Amino acid sequence: MTDVTDLMARAEPAKPSSIHQRIDRRIEVLTDWLENGVPREKIGSLPVSLTAAREWEDETLGIARIPSPRTFTKNHQDSDLGAKVCLIEGLLTDIRQKWATPRRKKSARGTTAQPEPKSSAPWSEHIACEKCLKAHVDKYHMMAERLATAVNLSLSHEARLEDKDEEINRLNKELANERRAAARRPRPV
């Protein structure tokens with residue numbers, strides 16, 4: 001005979017029951033997708049609006065639909081719920097910007113189909129771009145440092161040249177004074 005605890009252990013995880021749990025689960029999934037990318041099989045299920053996020057239901061992710069639109073608003077009387085809904089909206093926007101999943105556009109005939117994202121796994125492209133950008137930034141900083149060194153060296157050479165010009169002028173004056181003094185002295189006969 002099976003024990004009740006064995007049956008409970010084998011059962012699928014229960015759907016979140018409270019509104020707070022349902023919203024928290026959405027935040028967990030969207031945060032994971034923002035950091036690691038949207039799985040290929042879930043690209044089509046990514047909500048495109050807050051209404052779609054409220055109606056979003058996915059048993060494999062443990063996300064249950066929120067039936068009442070009044071509980072899923074940004075300006076809910078429970079400020080904690082309102083802040084969480086704002087966070088969900090921000091996460092959806094950030095995911096679309098980072099992983100290039102455009103929103104559906106409304107046309108005169110209704111909503112158009114959501115186009116396939118530019119790349120379902122852009123992470124490797126993103127890393128390659130970051131590496132390329134880092135290499136160029138490093139090269140820029142190296143060149144800027146070389147340029148600064150060359151400018152400093154040029155300025156020090158210029159200062160030394162000015163000092164030498166002053167010394168040459170001073171020596172020319174001394175030479176001229178000695179020649180005048182020598183011209184005034186009587187010549188030995």
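A few notes on this one:
- For the residues Thr51, Thr31, the requirement of being in a helix (DSSP H, G or I) and surrounded by 13 or more Cβ atoms within 10 Å (Cβ to Cβ) singles out Thr31.
- Within segment 49-84, considering residues that are β-branched (Val, Ile, Thr) and modelled with pLDDT of 85 or more, the one nearest to Ser18 (Cα to Cα): Ile66
- Residues in segment 15-28 that are in contact with a helix residue (DSSP H, G or I) (Cβ under 8 Å, 6 or more places away or on another chain), at pLDDT 85 or above and surrounded by 17 or more Cβ atoms within 10 Å (Cβ to Cβ): Ile23, Arg26.
- Scanning segment 34-48 for residues that are among the aliphatic types (A, V, I, L, M) and assigned to a helix (DSSP H, G or I) turns up Leu34, Ile43.
- Checking Ala121, Ala135 one by one, the residue that is under 57 Å from the mean Cα position of the chain (by Cα), under 30 Å from Ile43 (Cβ atoms) and modelled with pLDDT under 90 is Ala121 and no other.
- Contacts under 8 angstrom Cβ, first residue in segment 21-39 being more than 12 Å from Gly62 (Cβ to Cβ), partner basic (Lys, Arg), 6 or more apart: Ile23/Lys84; Ile27/Lys84; Trp33/Lys42; Leu34/Lys98
The values are calculated or read from the model by the stated rules, or taken from the named source; none is laboratory data. Model, not experiment: these values are computed from the prediction. Note that we place each Cβ from the backbone using ideal geometry, even for glycine, and neighbour counts take in every protein chain shown.
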